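Structure incoming, see below.
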Amino acid sequence: MELINDFLVNANSWANWPMFVLLIGGGLFLIFYSKLAPYRFFGHAIAITRGKYDDKNAKGDVSSLQALSAAVAATVGLGNISGVAIAIHDGGPGVVFWIWMTALIGMCIKFYSCSLSIMFRGEDSEGKLQGGPMFYITKGLGEKYKPLAIFFCLSGIFGFLGVFTANQFTETFMSVVQPEESLLALGGTEADPLFNWKLIVGIVLAIISSFVIFGGLSKIAKVATAIVPFMVMVYLVAVIVVMVMNASQVIPALKMIITEAWNFKTVVTGGFWGLVIIGVKRAMFSNEAGLGSAPMYHGQSKNDEPIREGLVAMLGPFIDTILVCTFTAVVIILSGAYLDDSSGIVMTLQAFRTTLFGVGDDLLMIIVTAFALSTLFTYSYYGVKCLSFLTNAKIGRYYNHFFVILIVFAAVASLELVKNLIDLSYALMVIPNMIAVLLLAPKVNAAAKKYFSKMKHEKA
């Protein structure tokens, strides 16, 4: 595991800069190129999501709300609850400011990429409608760009493994339940005394995931739409209670985020730019903008209007990063948990335990369980699509077996290894996806011009 980790650390240092330039530079270009259109029509996006413009005759498998719920299911979850803690552990409170900036840019990237996912839909080997970066690369840019689509799918096979989720869920279970003391002492290895318990948690998680994963997309969408909105609400209520009880410390916590963001003497590896890159990586992990995963879900929407779908998708980064990440960060800072040496979910659990009458960690355990399962269901679907594109739909389904086995591996792996594997895979996925989005942006602008003028016409 140490050998793999060393390789991943080196590879990440090479992949970081192209990812950073394409995500931030490309995203800023899109904001100006769109003349702020996604932000100007924020209210309209909410109306679409509420189902005001649903077309029952449109092609697709799921409604726009289900697609958004499923995409948010994959993003609101451990990326926000433990991803923020990892960011603060690695870069201090100031890193949250750079997470915000990346999320605002990410809203525009999602608008473009998810509009493209409807504009250039394809079919798999079984004739089923599909969407996603591999289809807008090959159909929008042409067959000569197919190597970009292949590169995206190869990176996606590793990027969409549920390893981070499985790892952080196991950490939560160990930290809250403490099975060695409360249930049964099973022992472990010299390096990890809890190894046997982690293995059992991994196996149980793999079995539960299998039931839904092998049921297909409609089952995933149903489960995600049932669990996620409710759990997001429970989480937000818990966080708001903490903030109300510690109201006097909320403003100082937010001030700290803003002042520390410009700390040029930061102790982070790579100094100030190291701090910014941590923020960008964790924001991308939190809301997946630029990654190309959301277009795969939104490409399945019952919607024949690309711009409408793009506007719905744009709400994702706002919900999960501007709202959920900020709340998590404020709780971590005002509780003082960020001063501990713990990282990941353990830091967030500590913050909740100290601020919510000593039972906050138990509540978070329930929330994390729901988020972990919904994320695993969604990710397996993304991986199947990547393998199906590289081979065919029949072989693509075998990805689920690989996915389930890796859940067990992730439960016993170190957070460092899992984090580095996902960071590298994500950075490699951003590169082909953002190249395609930037090259196809004029087509989205042309469609947006038509859509918005038609909308004005209808109002008039």
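Yes or no: region 304-311 includes at least one residue that is open to solvent by 30 Å² or more (accessible area, probe 1.4 Å), at positive phi and not aromatic (Phe, Trp, Tyr). Can you show your working first?
First pass over region 304-311, keeping only residues open to solvent by 30 Å² or more (accessible area, probe 1.4 Å): 304-305, 308.
Filter again for at positive phi, leaving none.
Among the residues of region 304-311, not one is open to solvent by 30 Å² or more (accessible area, probe 1.4 Å), at positive phi and not aromatic (Phe, Trp, Tyr), which makes the answer no.
Quick grid of which residues meet (1) modelled with pLDDT under 90; (2) not acidic (Asp, Glu):
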position: 59; (1), (2): yes, yes
position: 74; (1), (2): yes, yes
position: 78; (1), (2): yes, yes
position: 96; (1), (2): yes, yes
position: 108; (1), (2): no, yes
position: 119; (1), (2): no, yes
position: 123; (1), (2): yes, no
position: 129; (1), (2): yes, yes
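Condition first: at pLDDT 85 or above, of a type outside the set (Lys, Arg) and touching a strand residue (DSSP E or B) at 6+ places or on another chain (Cβ under 8 Å). Can you find one or more residues in region 146-168 that meet it?
Checked against the condition, which is being at pLDDT 85 or above, of a type outside the set (Lys, Arg) and touching a strand residue (DSSP E or B) at 6+ places or on another chain (Cβ under 8 Å), region 146-168 yields no hits at all.
Which count do you get for residues in region 17-38 that are within 21 Å of the chain's Cα centre (by Cα), open to solvent by 40 Å² or more (accessible area, probe 1.4 Å) and touching a residue at least 60 places away in the same chain (Cβ under 8 Å)?
Residues that pass the stated criteria total 2.
Let me ask something additional. From 203, 251, 207, which residue is modelled with pLDDT of 80 or more and more than 30 Å from residue 377 (Cα to Cα)?
Values: 203 fails: more than 30 Å from residue 377 (Cα to Cα); 207 fails: more than 30 Å from residue 377 (Cα to Cα).
Sole residue among the options that is modelled with pLDDT of 80 or more and more than 30 Å from residue 377 (Cα to Cα): 251.
Give all pairs with beta carbons closer than 8 Å in which a residue from region 92-117 that is at positive phi meets a residue that is in a loop (DSSP other than H, G, I, E, B) and of a type in the set (A, V, I, L, M); count only pairs at least 6 apart in sequence or on separate chains.
If the second residue must be in a loop (DSSP other than H, G, I, E, B) and of a type in the set (A, V, I, L, M), the pairs left are 92/267; 92/268.
For region 315-337, which residues satisfy the criterion of being open to solvent by 10 Å² or more (accessible area, probe 1.4 Å) and hydroxyl-bearing (Ser, Thr, Tyr)?
326, 335
Further question: Here is a check on your reading of the model: is residue 333 in contact (Cβ under 8 Å) with a residue 12 or more places away in the chain, in contact with a Pro (Cβ under 8 Å, 6 or more places away or on another chain) and more than 14 Å from residue 162 (Cα to Cα)? If you could, list the steps in order and put the result at the bottom.
Numbers: in contact (Cβ under 8 Å) with a residue 12 or more places away in the chain: yes; in contact with a Pro (Cβ under 8 Å, 6 or more places away or on another chain): yes; more than 14 Å from residue 162 (Cα to Cα): yes.
For residue 333, the condition - in contact (Cβ under 8 Å) with a residue 12 or more places away in the chain, in contact with a Pro (Cβ under 8 Å, 6 or more places away or on another chain) and more than 14 Å from residue 162 (Cα to Cα) - is met.
Which condition from (1) surrounded by fewer than 20 Cβ atoms within 10 Å (Cβ to Cβ); (2) within 19 Å of the chain's Cα centre (by Cα) is the one that residue 419 breaks?
Against the list (1) surrounded by fewer than 20 Cβ atoms within 10 Å (Cβ to Cβ); (2) within 19 Å of the chain's Cα centre (by Cα), residue 419 comes up short only on (1).
Only residues that are touching a residue at least 24 places away in the same chain (Cβ under 8 Å) and of a type in the set (Ser, Thr, Tyr): list them for region 118-161, please.
125, 136, 145, 155 - these are the residues of region 118-161 that are touching a residue at least 24 places away in the same chain (Cβ under 8 Å) and of a type in the set (Ser, Thr, Tyr).
Would you kindly identify the helices (runs of 4 or more DSSP H) lying entirely within region 368-460 that contain at least 3 residues that are under 30 Å from residue 31 (Cβ atoms)?
Values: elements: 393-396, 399-412, 415-459.
The qualifying helices (runs of 4 or more DSSP H) are 415-459.
For region 341-355: of the residues being open to solvent by 10 Å² or more (accessible area, probe 1.4 Å) and not small (Gly, Ala, Ser), which is nearest to residue 426 (Cα to Cα)? Show your work before the answer.
Pass one, region 341-355, residues open to solvent by 10 Å² or more (accessible area, probe 1.4 Å): 341-343, 346, 350, 353-355.
Cutting the leftovers down to not small (Gly, Ala, Ser) gives us 341, 346, 350, 353-355.
Values: 341: 26, 346: 24, 350: 28, 353: 32, 354: 34, 355: 34 Å.
Among residues in region 341-355 that are open to solvent by 10 Å² or more (accessible area, probe 1.4 Å) and not small (Gly, Ala, Ser), the one nearest to residue 426 (Cα to Cα) is 346.
Continuing with the same structure: Just to be sure I understand, how many residues within region 378-408 are in contact (Cβ under 8 Å) with a residue 12 or more places away in the chain, in contact with a helix residue (DSSP H, G or I) (Cβ under 7 Å, 6 or more places away or on another chain) and open to solvent by 10 Å² or more (accessible area, probe 1.4 Å)?
Going through region 378-408 one residue at a time, the tally reaches 13.
Another question about this same structure. Do we find that residue 442 is under 29 Å from residue 311 (Cβ atoms) and under 24 Å from the mean Cα position of the chain (by Cα) in this structure?
Details: under 29 Å from residue 311 (Cβ atoms): yes; under 24 Å from the mean Cα position of the chain (by Cα): no.
Criteria not met by residue 442.
In region 129-164, what residues are polar (S, T, N, Q) and either under 15 Å from residue 402 (Cα atoms) or buried (at least 24 other Cβ atoms within 10 Å of the Cβ) (or both)?
Within region 129-164, the subset polar (S, T, N, Q) is 130, 138, 155.
Listed by number, the list holds a single entry, 155.
Does residue 364 fit the bill of being in contact (Cβ under 8 Å) with a residue 40 or more places away in the chain and more than 12 Å from residue 172 (Cα to Cα)?
Values: in contact (Cβ under 8 Å) with a residue 40 or more places away in the chain: yes; more than 12 Å from residue 172 (Cα to Cα): no.
Spelling it out, it is not the case that residue 364 is in contact (Cβ under 8 Å) with a residue 40 or more places away in the chain and more than 12 Å from residue 172 (Cα to Cα).
So, of the residues in region 254-272 that are closer than 25 Å to residue 19 by Cβ and surrounded by 15 or more Cβ atoms within 10 Å (Cβ to Cβ), which turns out to be modelled with the highest pLDDT?
Per the criteria, the residue is 257.
Still on this structure, please answer the following. Out of all the residues in region 431-458, which are open to solvent by less than 20 Å² (accessible area, probe 1.4 Å) and farther than 19 Å from residue 144 by Cα? Steps first, please.
First, the residues of region 431-458 that are open to solvent by less than 20 Å² (accessible area, probe 1.4 Å): 432-434, 436-437, 440-441, 444, 448, 451.
Matches in region 431-458: 444, 448, 451.
The values are calculated or read from the model by the stated rules, or taken from the named source; none is laboratory data. Please read these numbers as outputs of a predicted model, since none were measured by experiment. With ideal geometry, Cβ positions are generated from the backbone for all residues, glycine too; neighbour counts draw on all protein chains shown. The protein model used for the area step is the full one, side chains on, heavy atoms only, and it has no ligands, DNA or RNA in it. Shrake-Rupley method; radii C 1.70, N 1.55, O 1.52, S 1.80 Å.
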